[in-house]
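The values are calculated or read from the model by the stated rules, or taken from the named source; none is laboratory data. Everything numeric here is computed off the predicted structure, so don't read it as measured data. As a convention, Cβ positions derive from the backbone with ideal geometry for all residues, glycine included, and neighbour counts pool all protein chains shown. Keep in mind that these areas ignore ligands, DNA and RNA; they rest on the heavy atoms of the full protein, side chains included. Shrake-Rupley method; radii C 1.70, N 1.55, O 1.52, S 1.80 Å.
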Amino acid sequence: MMMNCGAVNATTPSSTSWSASHSSKVPMLLPRAICTTQRMCCVSGVHVDACVSFNVSRNCAVAKDSLGWSGTSPSLYSKQPFNKFLLPLKALVTSTSQDFPIASLIGEEKVGVLLLNLGGPETLEDVQPFLFNLFADPDIIRLPRLFRFLQKPLAQFISVARAPKSKEGYASIGGGSPLRQITDAQAEELRKSLWEKQVPAKVYVGMRYWHPFTEEAIEQIKRDGITKLVVLPLYPQFSISTSGSSLRLLESIFREDEYLVNMQHTVIPSWYQREGYIKAMTNLIEKELEKFDRPEQAVIFFSAHGVPLAYVEEAGDPYKAEMEECVDLIMEELEKRKIINAYTLAYQSRVGPVEWLKPYTDETIIELGKKGVKRLLAVPISFVSEHIETLEEIDVEYKELALKSGIEKWGRVPALGCEPTFISDLADAVIESLPYVGAMAVSNLEARQSLVPLGSVEELLAVYDSKRRELPSPVTVWEWGWTRSAETWNGRAAMLAVLVLLVLEVTTGQGFLHQWGIFPSFH
């Protein structure tokens, strides 16, 4: 099995343009992901050419047009002007699962695959308890250690406050999320694909915040006597709030169960670089572009689920870097097919007053409309299943916003679902990870970029946490006045005051929120 990660050094030209007719409207930026070093690893007789030091370099030329619009909001990227300056970015992991005898890897072992996903309410009655489970997760709402005891009261408050609005959204898409049905279908198709590839594995679904919960899947895995387990989060890019949260739950379950401690397992922490995934996404984009009257003029709008900015800047979350590289790889594949449309990346679904990854999807749509973009193709880049954020947020809210902003032609790429190329590639990823079940292939956090699976849940989280502890504090000294430090500490003081009020509301059943009917009593 060979995994090749080439290194390129991108030189951004001093001046860029979209095309002769658009250069005065839209600034061009082209972020590049650069793999700086390589090494050979050999585990169980399988050689892996792995990129072990991944340095994300974002050399962005900020252009400014005659209207005074700078490249910081929103950024459109175009491949065409850069062809003569850049070599192709070769960071795709190719599928070569048949290069070694599969039977020798399995033997008498019982192989299982655990698919991890978010979960979603299946009925309107499920919405509030689902939201409670979501916001009770400390990887979703991160409170200072001193105030961790407020996690559940705060989750109860937020879930009750947001439930009516969320119910409206779920009602508009049929009364519940289709995520479970789609994930179950993906699991069945993955099982079939594995059997076709001579791997008789069982596939399980474990949801983080709703049925079937991860705990339920683990109990079934134990009943079936699985001896080798591949953990596969259905999130292409790794994030603290998605894959990380599910893995932390697994870690706590594994630690308390003797059977699980002795069961060999490995994790595929992210797989956005895989050739099959990239080609599957590109196929869907190409198909949807053909529906436009002038496909070459449609802007490809990648919309990813957002995360709080602090996750990236303070906690070392690799999500943003992985997302940007993923978009790069898809555009590289489109370019091979002579599709060189302008494109951009933005982040949706932010919650609360804190700053999230920018640019925001809604603000970017408005700005594109102001700049004269008439054709927009939305691509839900971080989602592999249809759910509330694609069916309601993108298809309804963002489409309506786009049409009001001057966008005349709107299209949307469907989520991957059970797309055959995608499912087959997931099966290959599982097979390629089998040599590493129970063995640590690479201990470097940054090597996760090469998709070499790590040896265990505990090792993955230990490496991540050690990296996180090395990060500098976002506020190193106390500063007076209107500085970033002062704003941070003022914000913390305000949060503390809000938390105190909330806990009083919860514990006493009295207060202005109860009086106004915003926060009903739970007694």
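For residues that are over 21 Å from R274 (Cβ atoms) and part of a strand (DSSP E or B), scanning just the range 205-227, find the one that is most open to solvent (accessible area, probe 1.4 Å).
For the range 205-227, the residue satisfying everything is F213.
Of everything in the range 145-161, what is free of Cβ contacts under 8 Å to residues at least 60 places away in the same chain and either under 20 Å from M207 (Cα atoms) or not polar (S, T, N, Q) (or both)? Give them in sequence order.
R145, L146, R148, F149, K152, A155, I158, S159, listed by residue number.
Starting from the range 108-120, keep only residues that are assigned to a strand (DSSP E or B), then list their pairs with residues that are among the hydroxyl-bearing types (S, T, Y) whose Cβ atoms are within a distance under 6 Å, requiring at least 6 positions of separation or different chains.
Going by the 6 Å Cβ cut-off, the qualifying pairs are L114/Y204; L116/S246; N117/T183.
Looking for whichever is in contact with a Leu (Cβ under 6 Å, 6 or more places away or on another chain), within 20 Å of M281 (Cβ to Cβ) and open to solvent by less than 10 Å² (accessible area, probe 1.4 Å) here; the options are V379, V384. Which one fits?
From the options V379, V384, the qualifying one is V384.
Give me the residue from the range 275-305 that is among the acidic types (D, E) and buried (at least 16 other Cβ atoms within 10 Å of the Cβ) and, out of that set, nearest to P318 (Cα to Cα).
Among them, the one singled out is E275.
Looking at (1) in contact with a strand residue (DSSP E or B) (Cβ under 7 Å, 6 or more places away or on another chain); (2) buried (at least 23 other Cβ atoms within 10 Å of the Cβ); (3) not in a helix (DSSP H, G or I), find the lone condition where L368 falls short.
For L368, the failing item is (3).
Do we have Y170 as crowded, with 20+ Cβ neighbours inside 10 Å, outside any helix (DSSP H, G or I) and of a type outside the set (A, V, I, L, M) here?
no
Take the conditions within 27 Å of Q297 (Cα to Cα), among the charged types (D, E, K, R), in contact (Cβ under 8 Å) with a residue 40 or more places away in the chain and not in a loop (DSSP other than H, G, I, E, B) and apply them to E363. Does it pass?
The answer is yes for E363.
Just for helices (runs of 4 or more DSSP H) wholly inside the range 260-339: which have at least 2 residues that are over 16 Å from the mean Cα position of the chain (by Cα) and among the small types (G, A, S)?
275-289
Give the residues of the range 136-160 that are within 23 Å of the chain's Cα centre (by Cα) and either among the charged types (D, E, K, R) or part of a loop (DSSP other than H, G, I, E, B) (or both), sorted by residue number.
A136, D137, P138, D139, I140, I141, R142, L143
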